[in-house]
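First comes the structure, then the notes that go with it.
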Amino acid sequence: MQHLIWSLMISVPLFAQQPGGATNPAQSPKNLKLLDPKTDVLFHMQTFAAALGVQCTYCHVQGDMASDANPKKEVARKMIGMVRLIDTSFPSSAGVFPDGYHEVDCSTCHRGNVKPEIVAPRKFYNRANSLGNPPPAQTPGVSLKLLPVETHVHGADSLMGEFRDALNVDCNYCHGGGKPQEWDLNPRKDIARKMIMLVRQINANFPGTGVYPQGEQKVTCWTCHRGNPHPESVSNKRYDAPAPKR
């Protein structure tokens with residue numbers, strides 16, 4: 001499995017043409033191994049396609065949407081299962097994906113691309129950085145409950161720098177409080193540790209990846225956050241108002 005793939009599992013024509021131009025509803029979807037038959041399959045297939053920027057035949061066989069001959073369809077099923085597992089990390093999520101409200105879905109990672117991004121395109125600079133103030137004194141990482149002791153925690157090209165770039169926040173977002181950074185008084189620090197575990201859990205689905213942050217990764221903090229502390233999903237994204245009907 002080379003890339004995270006949220007994709008089309010099953011789709012059917014919306015309408016079947018009848019003599020004289022009349023239309024009748026299409027047959028019920030077939031071969032639904034994960035989706036509830038009562039769900040709005042067409043709507044969810046459209047959101048999956050938009051998330052990856054693909055057409056139906058990326059995962060389906062042309063003319064036989066129920067077929068499992070395209071191997072990407074099984075990958076898509078595994079990705080749905082993975083989203084459902086990720087969902088358990090967020091109490092605010094409701095329903096069994098793709099139904100209900102979800103903090104994370106296909107669009108969170110893919111953003112219109114088959115292969116999700118893993119590196120932020122620009123660095124985050126706080127006000128002190130922008131004024132050219134010298135960085136704080138660098139000390140070895142302490143209280144590293146999850147990270148290897150040799151992790152490059154501070155300074156240029158550091159892991160904490162990657163976290164700042166991914167969420168577009170300063171160090172005090174998870175540290176701060178007027179106490180040394182190794183203290184655990186800020187509850188966001190423990191949340192950050194849980195997110196590290198979640199990234200490791202996701203990457204474990206892909207052979208050849210290392211234990212985050214070491215080695216090759218298919219998913220990083222940037223993949224979901226894209227410069228926002230709250231990742232975007234179909235459920236929480238702001239959309240434009242519908243165009244006026246004529």
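The values are calculated or read from the model by the stated rules, or taken from the named source; none is laboratory data. Every value quoted in this text rests on a predicted model; they were computed, and no experiment measured them. Cβ atoms come from the backbone with ideal geometry, glycine included; neighbour counts cover every protein chain shown.
Given the conditions (1) over 20 Å from the mean Cα position of the chain (by Cα); (2) in contact (Cβ under 8 Å) with a residue 60 or more places away in the chain, which single one is not true for residue 133?
Condition not satisfied by residue 133: (2).
Would you say residue 114 is β-branched (Val, Ile, Thr), loosely packed, with under 14 Cβ neighbours inside 10 Å and either modelled with pLDDT of 90 or more or within 30 Å of residue 28 (Cβ to Cβ) (or both)?
Criteria not met by residue 114.
Out of the residues in segment 203-246 meeting the condition of being without any contact (Cβ under 8 Å) to a residue 40 or more places away in the chain and of a type in the set (Lys, Arg), tell me which one is farthest from residue 51 (Cα to Cα).
In this case the residue turns out to be 246.
In this structure, is residue 57 without any contact (Cβ under 8 Å) to a residue 60 or more places away in the chain, farther than 23 Å from residue 199 by Cα and surrounded by fewer than 15 Cβ atoms within 10 Å (Cβ to Cβ)?
Judged against the criteria, residue 57 is a match.
Out of segment 126-142, which residues are closer than 24 Å to residue 199 by Cα and either of a type in the set (Val, Ile, Thr) or at pLDDT 85 or above (or both)?
142
In this structure, does residue 246 turn out to be within 15 Å of the chain's Cα centre (by Cα) and surrounded by fewer than 18 Cβ atoms within 10 Å (Cβ to Cβ)?
For residue 246, the condition - within 15 Å of the chain's Cα centre (by Cα) and surrounded by fewer than 18 Cβ atoms within 10 Å (Cβ to Cβ) - is not met.
Taking the criterion of being assigned to a loop (DSSP other than H, G, I, E, B), assigned by TED's automatic domain parsing to the domain that holds residue 36, closer than 17 Å to residue 231 by Cβ and touching a residue at least 24 places away in the same chain (Cβ under 8 Å), would at least one residue in segment 91-99 satisfy it?
The answer is yes; a qualifying residue exists.
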